[in-house]
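For reference, the structure discussed in these notes is given below.
The values are calculated or read from the model by the stated rules, or taken from the named source; none is laboratory data. Note that the structure is predicted; figures quoted are calculated from it, not measured. Note that each Cβ is placed from the backbone with ideal geometry, even for glycine, and that neighbours are counted across all protein chains shown. For the accessible areas, the whole protein counts, side chains as well, though only heavy atoms, and no ligand, DNA or RNA atoms are used. Shrake-Rupley method; radii C 1.70, N 1.55, O 1.52, S 1.80 Å.
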Amino acid sequence: MRKELISRYQLILLLIWLTMGTGVLVIPSVITEFTVTDAWMAVPSLFVGGLLSAGIARVHVKKFPNSRATGAFLAMAGPVIGDVFIIWYISVVFLVGTVVAREFTLFVTVASLPYTSETAVAVIGCASVVYIAYVGIESFARANEFVVPLAVVVLPLLILLPLTLCDVHQFYPVFSSGWLPVWKASIVSMFVYGLEFSLAIQFVPNLRSPEKLPIDIVIAASISTVLILIVVILTVGVFGYTVRYLQYPVLELIRVVRIGRFIERLDTIYGIAVLMTIISKLTVIHLAMCTGIQDLCKTRDYRWAVLPTGTAMFVGGLYFYRNVAQMAYFIEHVGPSYLLFTVVGVPLLGLTLQRVRFHLKRRARKGG
């Protein structure tokens, strides 16, 4: 079977949509929960998390240039402990996928279809993600390039129009409560959305230039940070402290934009863009989970796992998070520790075990 390969440009786009998919919805709400006037200071933590992911990727491509993350676990820790690491990795990716799937159903029902069953919305989303994952990452990455012209046309419009409503006085006083609220607001951006860039390691065998992966992650993290920073500045500048009471601040920001009597309700365009990026993010997570299962079960292909894992991801989203409060609790209090241990802790444990195994084998040879 021909190996599916993607270019650096396609990878950067996938990583940007990976962050922007739900980052536009969640990051402004999470940050303004802790601080409003200093909210913009918490956004660069996303870039710090991206740098951490790039550092992990650099170590990986140097030691395992042709292996994905789950394959490296087997090489580092052996068949038994390596399988345990893979199961943990798949479990955490699955949990992240359930959160994103739940955000998809919530956004559709809250923003567009309030009288539609969430189960029906989940079925449509699941069918879309399963089909895209089945056709493969190369076809998906090529199709994903068509989003760029739409973003180039729509994004400046959605940024410049609310700019006239922005009030600089909403950002005063600076450091009204010190650094602690800014640090609390930075945790989710740094250790959830910033570490999500490490999912790219799972696609190392599909990259045309795997040695450039750390640089590509840094580029994607830089662009994503700038875009999220603009979003946070606009929402705080327009709504001020009112932003704390909005479930989707950016959606409300777009709704207040109008030009005369003829151009208004641009939230339809925004909704389409958000749904496209969420589906893109779900597909990347789904592919990472399926390829991990492929390494765990040692099969030649991952497509046999596409339908059951995709279904489980959407069903889990509906079952685990019955309301917004439960989902927000996971994102703010559980997700950072899970991702930090998975992205940083597990590879460090694996490298330690690899070094211990190497020394034991060398001592055994000397003893022999």
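Among what's in the range 314-327 and is in contact (Cβ under 8 Å) with a residue 60 or more places away in the chain and in a helix (DSSP H, G or I), pick the residue that is surrounded by the most Cβ atoms within 10 Å (Cβ to Cβ). Among those residues, the one meeting the criterion is PHE314.
Filtering the range 58-82 to residues that are open to solvent by 40 Å² or more (accessible area, probe 1.4 Å) and assigned to a helix (DSSP H, G or I) leaves ARG58, VAL59, LYS62, LYS63, LEU74, ALA75, PRO79, VAL80, ILE81. Of all the criteria given as (1) open to solvent by 60 Å² or more (accessible area, probe 1.4 Å); (2) assigned to a helix (DSSP H, G or I), the one not satisfied by VAL284 is (1). For ALA120, are the conditions met, namely being within 28 Å of LEU13 (Cβ to Cβ) and assigned to a helix (DSSP H, G or I)? Spelling it out, it is not the case that ALA120 is within 28 Å of LEU13 (Cβ to Cβ) and assigned to a helix (DSSP H, G or I). For the range 185-242, the set of residues classified as among the polar types (S, T, N, Q) and closer than 18 Å to SER280 by Cβ consists of SER198, GLN202, ASN206, SER224, listed by residue number.
Among the residues of the range 161-189, those that are assigned to a helix (DSSP H, G or I), closer than 29 Å to LEU15 by Cβ and open to solvent by 30 Å² or more (accessible area, probe 1.4 Å) comprise LEU161, LEU163, TRP183, LYS184, ILE187.
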